[in-house]
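This report concerns only the one structure given below.
The values are calculated or read from the model by the stated rules, or taken from the named source; none is laboratory data. Since the structure is predicted, the reported quantities are computational estimates derived from the model, not experimental observations. Every residue, glycine among them, receives a Cβ derived from its backbone with ideal geometry; neighbour counts consider all protein chains shown.
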Amino acid sequence: MPINPRIAAFERDMIAWRRDIHAHPELCYEERRTAALVADLLRRFGCDHVETGVAETGVVGVIRGRGETGKAISLRADMDALPVTEANDFAHVSRHAGKMHACGHDGHTVMLLGAARYLAETRNFAGVVNVVFQPAEEGGGGGKRMIEEGLFQRFPCDAVYGMHNWPELPAGVIGVRAGAMMAATDQFSITVTGHGAHAAMPHLGIDPVLAGSHIVVALQSLVSRGTAPAEAAVLSVTMFHAGSASNVIPPSAQLDGTVRTLSAESRDRMEAGLRRVAESVAASFGAKATVEYRRGYPVTVNTPDGADAAARAAARVVGANKVLRDFAPSMAAEDFGYMLEERPGAYIWLGQGGSALGCALHNPRYDFNDQMLSVGASLWAELVESELAPTFDDGGA
């Protein structure tokens, strides 16, 4: 694959940065060491401006091209780790118990750092590039917080792009599609209140365990019968807590779970249906259901122009035969969706299958495939140079 030769020349540096970050994972809004490293490198690269403390621990670097067109794009990488105990035994294993880069954000950060180094050195583009290093993607809503703190007002852009490694794709294969790329994620808690009784005399009570069990089953009808067969949705009850003794019918039970959808309409329908089913099924047993529904990350929706721009750049880096445009979106979620609600652009998957460990995301034996660092950095560089192509004669530099 035609990796940018200038980027390939400092691949060893990128591997060293990545392994250093992997060895020192930090959870959401704790990314102080990582942010300091990122900010220091951006300054050393010669970025025109480096802003720290964005959404507490975020960093933004500004790189100006050799021509002014009034156009700007933003490239985003996430920096946080997960509360996972690492099971690997290589030299760069996590040094912090219970914390691990199990989702590859260390690689995302370094791919963008590599692109920033190249772009600051060559400046073979016209306009402005903002390199956005976001905290707290793993449940902390760092992307939303950056927006609320004025990210796009302080660092204006016409489009925004993000990238995530994808172990399910072969190494070097790029996936990008127009429309929904990843799902919205919501959480719910259902408290079923009945009436406690002796387990040998159930007729004297109202059993919340029985009512809750029927709720679990009935909720699945929202997908199997309430969602069009060609439309994806997921509803999973993942926790069921009730009782403390084998001979006591408890007074209440609690069910918790998640809902994943690919459109705002489906999201609204699933929330309304969940409330209706839980309340009505509980009532049929003489119990009461109280529903708490918490909306999380929105659907990650790529705009057609953004997906096309990313696909064109990817084809020039890995070849058109390694760019996938027609595939099913993931029902996992990503807070980059907040940024795509504010600006057009695209979220890109970079295949990294074939790594030595070959583990899925969020696995305690996961490790980012270092061979993909130069590929991802080259893709970022190609995207910038093609979307902000200079109209002047650069003398072949």
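None of Val110, Val132 is assigned by TED's automatic domain parsing to the domain that holds Val84 and in contact with a strand residue (DSSP E or B) (Cβ under 7 Å, 6 or more places away or on another chain) except Val132. The residues of the stretch 43-73 that are of a type in the set (Val, Ile, Thr) and crowded, with 22+ Cβ neighbours inside 10 Å, listed by number, are Val54, Thr57, Val59, Val60, Ile63, Ile73. Considering the stretch 213-237, and only residues there that are free of Cβ contacts under 8 Å to residues at least 60 places away in the same chain and more than 23 Å from Ser263 (Cβ to Cβ), the residue that is surrounded by the most Cβ atoms within 10 Å (Cβ to Cβ) turns out to be Ser213.
Just one of the listed residues (Met146, Met182) is buried (at least 23 other Cβ atoms within 10 Å of the Cβ) and either under 30 Å from Asp13 (Cα atoms) or of a type in the set (D, E, K, R) (or both), and it is Met146. Only one of the numbered conditions (1) closer than 20 Å to Asn369 by Cβ; (2) of a type in the set (A, V, I, L, M, F, W, C); (3) assigned to a loop (DSSP other than H, G, I, E, B) is not met by Ile21, and that is (3).
Total residues in the stretch 113-133 satisfying the condition of being of a type in the set (Gly, Ala, Ser) and over 17 Å from Leu373 (Cβ atoms): the figure is 3. Meeting the requirement of 2 or more residues that are under 27 Å from Arg275 (Cα atoms), polar (S, T, N, Q) and not assigned by TED's automatic domain parsing to the domain that holds Glu51, the strands (runs of 3 or more DSSP E) wholly within the stretch 142-201 are 184-193. The strands (runs of 3 or more DSSP E) found wholly in the stretch 247-356 and carrying at least 2 residues that are in contact with a strand residue (DSSP E or B) (Cβ under 6 Å, 6 or more places away or on another chain), polar (S, T, N, Q) and touching a residue at least 24 places away in the same chain (Cβ under 8 Å) occupy 252-261, 300-302.
Selection within the stretch 76-99: residues that are of a type in the set (A, V, I, L, M, F, W, C) and closer than 15 Å to Gly139 by Cβ. The member of this set that is surrounded by the fewest Cβ atoms within 10 Å (Cβ to Cβ) is Val84. Just checking, how many residues over the stretch 244-278 are more than 30 Å from Ser330 (Cβ to Cβ) and surrounded by 16 or more Cβ atoms within 10 Å (Cβ to Cβ)? Result for the stretch 244-278: 5. Tell me whether the stretch 60-81 contains one or more residues that are of a type in the set (S, T, N, Q), in contact (Cβ under 8 Å) with a residue 60 or more places away in the chain and in contact with an Asp or Glu (Cβ under 8 Å, 6 or more places away or on another chain). Within the stretch 60-81 (the criterion being of a type in the set (S, T, N, Q), in contact (Cβ under 8 Å) with a residue 60 or more places away in the chain and in contact with an Asp or Glu (Cβ under 8 Å, 6 or more places away or on another chain)), the answer is no, since none of the residues qualifies.
Against the condition crowded, with 24+ Cβ neighbours inside 10 Å and more than 26 Å from Glu231 (Cα to Cα), how does Leu119 come out, does it pass? Yes; evaluated as a whole, the condition is true for this residue. Annotation note: of Arg18, Arg44, the sole residue that is out of contact with any Leu (no Cβ under 6 Å at 6 or more places or on another chain), within 24 Å of Ile348 (Cβ to Cβ) and basic (Lys, Arg) is Arg18.
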